[in-house]
Structure formats: structure tokens, C-alpha cells
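First up is the structure itself, then whatever we jot down about it.
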Amino acid sequence: MFRFAVTTRTAVRRSRARCRGAGVLALCASGAALLALVPPSARAAPSGQGAPSAHAAPARPTPQIYEPPAGSGHTAARRHTGPEIHRFLTWFYGTHGPDRVQREHFVSDLLKRKQARHPDRDVLLCAQNTPQDIEVGPVTTAQSAGVGWATVTAHWADGTASSATAYVALDSHPIELHDVVCAQ
């Protein structure tokens, strides 16, 4: 395009030089013929339309979101939210505690090792028996620590209740129970 624009300017200059004696009509005709050859994208906007006015509303900025180059092997990690963690813990604990499949697939290796060290009690429920009901409290997330947690309260047949704090790593995929700390 640059070469075409230079050639067009040179042709206009030459036609002006030739047309000086022939008059304004010849100059206008050659200029119009050359302008017809220039693609619309290369033409300047008419004055008053090309530049934004000082009183015009500023354009709304488009948010820039970083995405790693395709094929780089890096993916933007999506972190779990408080409501997602609450849904997970409610599903995971259910009414009477997690089942065998949940314990196998949705528990961190840390908790599996902890359970192996304490075979006489359930480290996920902080108990030895099956509860009558389980409630999950509100979830707190700490983005800088990369973890979310909630108090899990188990209600027992004798009318007592016990609580534990369940931790979920925000960037675990799939979501899993990372650790449980029993209340004293």
C-alpha cells in the first residue's frame, strides 16, 4: 500500500506540472482519475470527521484479560468460589458422612495419610460413629492463602454435637477436601 501511495502522489505531481498550461480543468480531471484508483481504506477522512472532537464522550475501555499463548502449556487457573465450596461440602458430607467413593476420589492425599495413621477413628468426621445429621456453615475464602474453609457440625444420636473445620484448596481440580481440623 505504501508503494501505491507514493506512486499516486508522484503521478499527481507530474500531472500538475503538465497541466499548468492547459488549465484547471485538466488538473481536476487527472486528479479525479487518480483518486478513483486509490482504495477507500487509503484515503484520508474529510476534515472534521477523522479526529474525535474534544467534546465527544470518551470511548469505553475494553478490559484486557491475560491469556497465555495457545500451546504454551500454561492455563489460567480458575479458583473455586465460596458458594462452590459450600455446595461441595454439603454434597460431600451429606446427612451421615461421605461414602467410600467420595473418600477415595474427593479427599486429598494428606487426609488419606492422616486416616491411615488413625484407623480407630474417622478423621473426616472427627468421630468413631455415624452422625444423625450434618450441617455445613458459611464458607470463608482466603485468596492469598489459596484455601477456603467452613465449620462442619455433626449431630449425634445422644443429642450432642461436635464440630470440625473443613478446608478446601481453591485451585484443586477436581475440587477435593484438603484437610479437616477437629474442634477440642
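The values are calculated or read from the model by the stated rules, or taken from the named source; none is laboratory data. Being a predicted model, the structure only gives us computed values, none of them experimental. Because the Cβ atoms are built from the backbone with ideal geometry, glycine has one as well, and the counts that use them run over all protein chains shown. The accessibility values were calculated without ligands, DNA or RNA, using every heavy atom of the protein model including side chains. Shrake-Rupley method; radii C 1.70, N 1.55, O 1.52, S 1.80 Å.
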**Fill in**
Over the stretch 153-167, the set of residues aromatic (Phe, Trp, Tyr) and open to solvent by less than 50 Å² (accessible area, probe 1.4 Å) is Trp156
**Asked** Looking at (1) in contact with a Lys or Arg (Cβ under 8 Å, 6 or more places away or on another chain); (2) at pLDDT 95 or above, which is the one condition that is false for Gln143?
**Response** (2)
**Request:** Starting from residues that are within 9 Å of Val147 (Cα to Cα) and part of a loop (DSSP other than H, G, I, E, B), keep the ones in the stretch 168-184 and report whichever is most open to solvent (accessible area, probe 1.4 Å).
**Result:** Asp171
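Taking only the stretch 146-161 into account, find how many residues are among the hydroxyl-bearing types (Ser, Thr, Tyr) and either modelled with pLDDT of 95 or more or within 18 Å of Glu176 (Cβ to Cβ) (or both).
The first filter runs over the stretch 146-161 and keeps only residues among the hydroxyl-bearing types (Ser, Thr, Tyr), leaving 151, 153, 160.
With the extra rule that they be either modelled with pLDDT of 95 or more or within 18 Å of Glu176 (Cβ to Cβ) (or both), the set shrinks to 151, 153.
Residues flagged as among the hydroxyl-bearing types (Ser, Thr, Tyr) and either modelled with pLDDT of 95 or more or within 18 Å of Glu176 (Cβ to Cβ) (or both) within the stretch 146-161 amount to 2.
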**Message:** Of all residues being open to solvent by 80 Å² or more (accessible area, probe 1.4 Å) and assigned to a loop (DSSP other than H, G, I, E, B) in the stretch 114-134, which is modelled with the highest pLDDT? Just the residue, please.
**Reply:** Gln132
**Request:** Please specify each residue of the stretch 154-184 satisfying the condition of being of a type in the set (Ser, Thr, Tyr) and touching a Pro at 6+ places or on another chain (Cβ under 9 Å).
**Result:** Ser162
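Which residue is most open to solvent (accessible area, probe 1.4 Å), if the candidates are limited to the stretch 104-113 and must be within 18 Å of Thr165 (Cβ to Cβ) and either touching a Leu at 6+ places or on another chain (Cβ under 7 Å) or among the acidic types (Asp, Glu) (or both)? Please lay out each step first, then the result.
First, the residues of the stretch 104-113 that are within 18 Å of Thr165 (Cβ to Cβ): 106-108, 110-111.
This time we only want the ones that are either touching a Leu at 6+ places or on another chain (Cβ under 7 Å) or among the acidic types (Asp, Glu) (or both), so: 106-108, 111.
Values: Phe106: 54, Val107: 9, Ser108: 5, Leu111: 2 Å².
For the stretch 104-113, the residue satisfying everything is Phe106.
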**Prompt:** In the stretch 139-152, what residues are free of Cβ contacts under 8 Å to residues at least 60 places away in the same chain and open to solvent by less than 40 Å² (accessible area, probe 1.4 Å)?
**Reply:** Val139, Ala142, Val147
